[in-house]
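Please read the structure below before turning to the comments.
The values are calculated or read from the model by the stated rules, or taken from the named source; none is laboratory data. A quick note: this is a predicted structure, and the numbers were derived from the prediction, not measured. All Cβ positions, even for glycine, are placed from backbone atoms using ideal geometry, and neighbour counts span all protein chains on display. In case anyone asks, the SASA skips ligands and DNA or RNA and just uses the protein heavy atoms, side chains included. Shrake-Rupley method; radii C 1.70, N 1.55, O 1.52, S 1.80 Å.
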Amino acid sequence: MINNENPIQLLPILNELYPVELLTVQAVTNEIFRCTAKQDVYFARITNYKSYEEQLEEVTYTNFLKKEGLAVSPTISSLNRNVVEKIILGSKEALTVLYKAAPGIHLPRDQWNADVLKEFGRQIGRLHCFSKKFEEIHPVKHIKNWYENEEYAFHKYIPEGESAIRDIAQDVLSSIKALPQNRSNYGLLHGDLWLENVLVDEGSKLSIVDFQDCEKNFYIFDLVVPIYSAIEYSFVGGGNIVDYGRDVAKAVIDGYQEENDLPAEMLEHLPLFIKLKEVFEYSMMHMYWNKEKLTEEQIRIMNHYRMRIERNQSLLS
């Protein structure tokens, strides 16, 4: 993590590194900084989250997607012709990548209708087609398989006293690890396709951003995350949430299948991957939230997840 209290000191560092003339740098998160120039907007990612080799492979991947025609944020090479640069902040070394801002906005929750979700599904289908092509040309050496990432160490973070949830978590992990992998169902993907990681322009064109959590996983996981995201955060009433969930899943999957094949046997495992995402989010709360200083809202959210997981309820009946 990079301390976002020091964006001012980044300005001369970035201007010295890149062929741009940045005027302002503003922290968006601990690792993402919005940078403005006279006419353009950029985003600098400054992090130690992954190694240099992992980040270089990730950026090589996203640049490949851009060249293939997928709408992703283009990277800006440094004056040293590097897409990933090492910098020193205070006494710490960090890695930085500079992106030109993708066009579009984050859609309001109530505008994620079936048409937009279906188009999102199409873009994910194209993404996975290009991912397969990328892996043929550039065998992945540094980006990890999903289960190798720290975020999936559920038993490390879910308290021992929550035995029912720990058992469910272990069962989900074991079940998914046991699924057969092949070129049609498993490979390099985005890994974090929340609706917030999609921008939509005035012509309804979608851009996919933030590939920091890209990983090797079953392709269906890239469909599960937006379905899960829509059910959890974009339902604004006016109907039955179960029906809404089914409609969301149908729109995303229908769009995907217009661009890429999705094996029928993987569709049957959709609820299992939804459960994986749910346990993942619950484990992340324990991993990142300060348990000594939980807010009332955090306690409410954690209890909601705990109750739903313990009852083994499904977001998609």
Requested in this report: Give the Rg (one decimal place) followed by the Dmax (whole number) of region 1-106, computed from C-alpha coordinates and expressed in Å.
Outcome: 13.2, 40
Query raised in the report: Accessible area, 1.4 Å probe, largest first: how do E119, E31, E148 sort?
Result: E148, E119, E31
Query - Cross-link pairs K132/K216; K118/K277; K216/K277; K132/K177; K67/K100 - those with Cα-Cα distance over 19 Å - result: K118/K277; K132/K177
Requested in this report: Over the chain, give the accessible area per residue in Å² for a 1.4 Å probe, as an integer.
Outcome: 49 Å²
Query raised in the report: So what is Rg over Rh here for region 157-258, counting just Cα atoms and using Kirkwood for Rh?
Result: 1.02
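Ranked from highest to lowest mean number of other Cβ atoms within 10 Å per residue, what is the order of the peptides 205-215, 132-142, 260-270, 277-287?
The most tightly packed comes first, giving 205-215, 277-287, 260-270, 132-142.
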Query raised in the report: Quick one: Cα centre-to-centre distance for region 111-180 and region 49-70, in angstrom?
Result: 18 Å
**Report entry** Per-selection Rg to Rh, the chain - Cα, Kirkwood hydrodynamic radius
**Finding:** 0.96
**Report entry** Highest to lowest packing among 175-182, 106-113, scored as the average C-beta count within 10 Å
**Finding:** 106-113, 175-182
Query raised in the report: Can you pull the percent of the chain's accessible area that's carbon plus sulfur, 1.4 Å probe, other chains left in place?
Result: 48 percent
**Report entry** Residue-averaged [θ]222 nm for the chain, counting only DSSP H segments that reach four residues, each worth -39500 (n - 2.57)
**Finding:** -14500 deg cm²/dmol
Report task. Whole number please: convex hull volume per residue, Cα atoms of region 28-169, in Å³. Result -> 206 Å³
